[in-house]
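The values are calculated or read from the model by the stated rules, or taken from the named source; none is laboratory data. Fair warning: this is a prediction, and the values are worked out from it, not measured in the lab. Using ideal geometry, Cβ is built from the backbone for each residue, glycine included, and neighbour counts are taken over all protein chains shown.
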Amino acid sequence: MNDKDLDKKLSTARSQSERFFDKFDFDRGIRMVQRRIEENRGVRNGGIKRYITGRVPLAGAAAALTIALLLLVLDPVGHLGPANPGTPILQQAIGMDEERDSHMVNYFRFDNPNSDNNLLAVLWRKGSKGNYEVIYSSIMENAYTPNPVAVITIPSGESSFAFVSSSSKDENYIHYRLVKYSSSTVTEYLEENYVPSGKIQVINGMIFEERTIPADYNLQAGEVKPPKPGKAYRYFIPVELRSDGSFALATNRVRLKKGAILTLLTDILDEPPAIEYDTEVLGIKSNQTGGVSSSSIDFEAKKEGTASLKIGKKPGTDNANELFIEVVGP
Amino acid sequence: MLTQPNPRTTGADNKKEVLEYLMKRFGDRVFKLAYYYVRDRYHAEDIAQEVFCKVYEKLDSFRGDSSYYTWIYRITVNKCRDFLASSSFKRLLPWGDLSTIEKQRNQADTNRLLEQVEGGELFSRVMDLPTRYRMVVVLYYFEQMTTVEIAEVLGLKESTVRTRLCRAREMLKKTLAGEEYI
């Protein structure tokens, strides 16, 4: 990375810091300071007595404020949230339909008999009266840290996707789930557990996964075993069959690392899409069989260059959507 | 528009007026500075409140040798350093009490998650830098302070600030390299 790239990233980080601090309001702090001063007024003794007199009520006030703020942060949608038997360790309001905070994800921690840290991720939908109902839940075993939920929407599409994940720092693996929400129906598109030395991120409607692989991972018959483990990169793009018969993609442009796998995720079991692509740059790895789900299509980024991948309902159809692909060096 | 009251006039009411002006003028910045140090919004808020209590207490003795801004920043830095020192000490006390240590670890993770959710991944990555490097980076790049101002606030030589900035940039280059998508 050169200095220019770093400066750009620092500029982005600055904007992110502004966004982070925008949510904080020091007006409450001002009132607390005034109260502290009022409480200290009239205490004529200086030194230790003054210190103690000032601190004792302060400790209580600070604790109360801390608890109040904690509740505020953990319950950003107010008091309409569900009554939980346990306290969620992370709660995030998300919008999966037209309303901004239409859904919510909670992560609960619970121990199994081995006292391992497990997480239960629960996706709630807010009803018209402000009540919540569970529409999806999933357990992530031996997971330590919940990650923020990302929502993927397909432009002019009819569905939204929630991406839920967790990681374990000690064991260095991740778990993740991709859940589709459409017309009040939930479908799990993707479930991966114990991804070794993994990193996962949602960028521009695409899920990018990095994992550490054993030497013989993805080895084809007759290929020489690589000398040591390496990194494998995978890009997942949700695809949706619209009611007009065309396919919609969550993104139309993607840059892949050479050797990476591109996976189109669909839920169309009976009508596989017709696909056209540049076979120099891309190679198909699996179509409907052996992929991450029963209806995924895997491509391998074989060679550096650019390619266009057309996806339509029938061969030669005019109703095709196009994905522009750039394959870059590792 | 905030109008600066005259700090030279005496009297409790005037002191309160000055304090209110200072809190409105610098409250957010003091909170941010404290957060950059302690990386916990509740502790940062508590520190910010303590800073202004201290400011109120010392307002009569403020001689105007430096600007209010620098004076208040210095108080904040000292409070944060005290907090971190006492916090390190507290971490040694509950030895054997693993659940307390676990709670602290969980809280740190939660704070980091909030940074990612409410700010962004890059902000959180900058905050992951060790404190001495983090402080110069955030003051220089986020708060747009000059190296001279940073040196004054942190009580360092300007050359030290520059050295730390260089080292922090190298650390960030390594950390962020090859993570266009991360």
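Take region B:24-34 and flag every residue that is buried (at least 23 other Cβ atoms within 10 Å of the Cβ) and more than 10 Å from chain A (Cβ to nearest Cβ). Result: B:33, B:34. For region B:150-157, the criterion of being surrounded by fewer than 18 Cβ atoms within 10 Å (Cβ to Cβ) and within 11 Å of chain A (Cβ to nearest Cβ) is met by none of the residues. Only residues that are under 23 Å from residue B:114 (Cα atoms), assigned to a loop (DSSP other than H, G, I, E, B) and among the aliphatic types (A, V, I, L, M): list them for region A:142-197, please. Residues satisfying the conditions are A:143, A:149.
Residue A:291 - would you say it is in a loop (DSSP other than H, G, I, E, B) and at pLDDT 80 or above?
Values: in a loop (DSSP other than H, G, I, E, B): yes; at pLDDT 80 or above: no.
When the stated conditions are applied, residue A:291 does not pass them.
Regarding residue A:63, is this residue part of a helix (DSSP H, G or I), hydrophobic (A, V, I, L, M, F, W, C) and at pLDDT below 75? Before the answer, list the steps.
Numbers: part of a helix (DSSP H, G or I): yes; hydrophobic (A, V, I, L, M, F, W, C): yes; at pLDDT below 75: yes.
It is true that residue A:63 is part of a helix (DSSP H, G or I), hydrophobic (A, V, I, L, M, F, W, C) and at pLDDT below 75.
Considering A:171, A:133, which residue is more than 14 Å from the chain's Cα centre (by Cα), at pLDDT 85 or above and acidic (Asp, Glu)? Before you say what the answer is, go through the steps one by one.
Numbers: A:171 fails: at pLDDT 85 or above.
One residue alone meets the criteria, A:133.
Taking the stated definitions as given, is residue B:37 surrounded by 20 or more Cβ atoms within 10 Å (Cβ to Cβ) and more than 9 Å from chain A (Cβ to nearest Cβ)? Break it down into steps so the answer makes sense when it comes.
Numbers: surrounded by 20 or more Cβ atoms within 10 Å (Cβ to Cβ): yes; more than 9 Å from chain A (Cβ to nearest Cβ): yes.
The answer is yes for residue B:37.
Kindly check whether there is at least one residue in region B:174-182 that is at pLDDT 90 or above and surrounded by 14 or more Cβ atoms within 10 Å (Cβ to Cβ). Walk me through it before giving the result.
So in region B:174-182, the residues at pLDDT 90 or above come out as none.
Within region B:174-182 (the criterion being at pLDDT 90 or above and surrounded by 14 or more Cβ atoms within 10 Å (Cβ to Cβ)), the answer is no, since none of the residues qualifies.
Scanning region A:121-166 for residues that are within 14 Å of chain B (Cβ to nearest Cβ) and not aliphatic (A, V, I, L, M) yields A:144, A:145, A:146, A:147, A:148, A:163, A:165, A:166. The single condition from (1) crowded, with 19+ Cβ neighbours inside 10 Å; (2) small (Gly, Ala, Ser); (3) assigned to a strand (DSSP E or B) that residue A:138 fails is (1).
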